[in-house]
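The values are calculated or read from the model by the stated rules, or taken from the named source; none is laboratory data. As the structure is a computational prediction, the values presented were derived from the model and not from experiment. Note: ideal-geometry Cβ built from the backbone for every residue, glycine included; neighbour counts use all protein chains shown. Each accessible area value is taken on the protein alone, full model and side chains, heavy atoms only, with ligands, DNA and RNA left out. Shrake-Rupley method; radii C 1.70, N 1.55, O 1.52, S 1.80 Å.
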There are 2 protein chains.
Amino acid sequence: MSPQPPSPTLFFETINAYQRTEALRSALELGLFTQLAAGPRTADEIAAAVNASPKGIRILADFLTIIGFLQKRETRYELTPDSALFLNGKSPAYLGGAVEFLLADDIRNCFQHLTEAVRKGGTAISDDGTVSYDNPVWVAFARAMGPLMFMPAQQLTALIGGDHNQPLRVLDVAAGHGLFGITVAQQYPKAHITALDWPNVLAVAEENAQRANLANRHTLLPGSAFEVDWGGPYDIVLLTNFLHHFDITTCEQLAAKAYAALAPGGRAMTLEFIPNADRITPPSTATFALTMLASTGKGDAYTFAEYESIFRKAGFGRSEHHALLPTNQQAVISTKSADA
Amino acid sequence: MSPQPPSPTLFFETINAYQRTEALRSALELGLFTQLAAGPRTADEIAAAVNASPKGIRILADFLTIIGFLQKRETRYELTPDSALFLNGKSPAYLGGAVEFLLADDIRNCFQHLTEAVRKGGTAISDDGTVSYDNPVWVAFARAMGPLMFMPAQQLTALIGGDHNQPLRVLDVAAGHGLFGITVAQQYPKAHITALDWPNVLAVAEENAQRANLANRHTLLPGSAFEVDWGGPYDIVLLTNFLHHFDITTCEQLAAKAYAALAPGGRAMTLEFIPNADRITPPSTATFALTMLASTGKGDAYTFAEYESIFRKAGFGRSEHHALLPTNQQAVISTKSADA
């Protein structure tokens, strides 16, 4: 193969990449995908249905076609299979609500100050960034991100194994939407979940537990994970999308709290974005580090070697690394010795 | 081939696409690519050189590697061939300055109101958007975008053809940085350029003409293209990246002004983003329509059929369509009959 001629294409595409974000957000705000769930439509037909300008819809729908969310046949637009599944507001797998968190003003603002964050080594918007006490962004998170956690929660729960009729005492640390603990409770009918989070966020987990008819097996433990007594003993401590917000020393303190709260033979189950040792693969996992740099004071996307060390220092004899394909997340299962 | 399983990957990548924009902007602001022009460096070495945090640089450089701007070998980062050519601040082909226009606050703000623009069929920020009289964004444009126009200007000039010693009277409408007229003057030593633009923008074209030692063949015609007398007769009227800001009726008025200002046999040379009739190819051309929707009251990316009609109504007997590969722009050459 001859070498490619020089091309500024990647530069232009990347400088303008933000336009893709805005186009997708606009389409969701307008309900364009939901409208197309009924079948192929022209720009004029869509415009009439969503109360927009035919020219505006034509240009937006062409752009969405170019970036892969629609197909165009002659003058009619139609959904791709992925758009039909994930972006139709009436689909049970609808993901569009995640925009309320992923594109929250607080998060976007962090990236507006990325250069300062690179200079400083952590978020430039405040000392703690989004990890400040009772930050309302976590209520948005809890409300918006539950549906995205369906698949990771299924996969993490599958790693518990054993008899599904065993009694399980489970602590769900920084429960947020509560979906991880709730999924365990759904699959282990004798499991009891204790959900720990700030009070404003925990209200969302409580709603979700009630909606799943699990309130009688779902206890609330309001407060900061750093300040409240975790209680116990537990068979499982869930640490899902939590440790990445902190530096390694803080992760070690949290791992030690998990160790102390676990019964002998119990397990800390960590769900995280864990890049390979090269920190550039898998791509959709490794890019997460930038979000931590932009939005937290000290967070990161740690490798398995780093997590293994964190849990070893806390007393765990053994940690295992699990991919959770096709999601872009991974799990670390750290076991407390049965004779501890 | 079996069908792909459903995947939310495109959704997540697109929602987070704005992070790519910010990462590239930060790297340019920090001079990271310029620093790496000297050879492979570790994150610590880059951080020391650009006065940033080693952790911040490590995360940013990993992200830039993932999105294709750097290569990583063990712990050292190095430039790709394209980054070395286009993003090293000391390269004559450096494109980074274009960020000052492409990511100007005025442009970004338009996309923050994209949903309203889709509803309205034009920019939501004002009646005219960026096309308001003496809008300072066009000074930023003129200063930032000259280097990007090197290749299109070479290619457009190549379409003039004929004896390079012929005298050419050229009107450069909405000259901006003036690079199109200046390139003609450089290649046709007997060409005389009249550059028309708002006074504040025209100052940039004047500077560029002086720097190219062409001031004696470069006359300034300050004012609005709609209000000033274009003078003439000219052999060539350049309409570069101008018509896309307006509706078709306005384009027809401008084409008529061009026709009136041309000598018999003269040519209007239009440089534009001209998508194919499907309006979704070529992709990097067709996406431009969204920028017009977001930032102008009535602009668009017109097809060749539309331009052909615009110039025909103005009196031009014949228009030709030219791709200008490898750029993402196209040209329309419209000829006034020799016996007109």
Quiz item: Which one is nearest to the other protein chains (Cβ to nearest Cβ) among residues in segment A:253-272 that are touching a residue at least 40 places away in the same chain (Cβ under 8 Å) and open to solvent by 30 Å² or more (accessible area, probe 1.4 Å)?
Solution: A:Ala256
Quiz item: How about segment B:1-53: which of its residues are among the β-branched types (Val, Ile, Thr), under 28 Å from B:Lys90 (Cα atoms) and touching a helix residue (DSSP H, G or I) at 6+ places or on another chain (Cβ under 8 Å)?
Solution: B:Thr21, B:Ile46, B:Val50
Self-check item: Which listed residue is open to solvent by 10 Å² or more (accessible area, probe 1.4 Å), among the small types (Gly, Ala, Ser) and farther than 18 Å from B:Leu324 by Cβ, from B:Ala191, B:Ala203, B:Ala209
Solution: B:Ala203
Quiz item: Just one of A:Leu24, A:Leu64 is touching a strand residue (DSSP E or B) at 6+ places or on another chain (Cβ under 6 Å) and either at pLDDT 95 or above or of a type in the set (Lys, Arg) (or both); which is it?
Solution: A:Leu64
Exercise. Kindly establish whether A:Ala52 is of a type outside the set (D, E, K, R) and open to solvent by 40 Å² or more (accessible area, probe 1.4 Å).
Key: no
Exercise. Output the residues belonging to segment A:1-34 that are surrounded by fewer than 22 Cβ atoms within 10 Å (Cβ to Cβ) and either touching a Pro at 6+ places or on another chain (Cβ under 6 Å) or more than 10 Å from every other protein chain (Cβ to nearest Cβ) (or both).
Key: A:Met1, A:Ser2, A:Gly31, A:Thr34
Quiz prompt | Criterion violated by B:Gly68 - all others in (1) free of Cβ contacts under 8 Å to residues at least 60 places away in the same chain; (2) within 7 Å of another protein chain (Cβ to nearest Cβ); (3) over 30 Å from A:Ser83 (Cα atoms) satisfied | solution = (3)
Self-check item: Selected residue (criterion: surrounded by the fewest Cβ atoms within 10 Å (Cβ to Cβ)) from residues of segment B:55-89 that are in a helix (DSSP H, G or I) and acidic (Asp, Glu)
Solution: B:Asp82
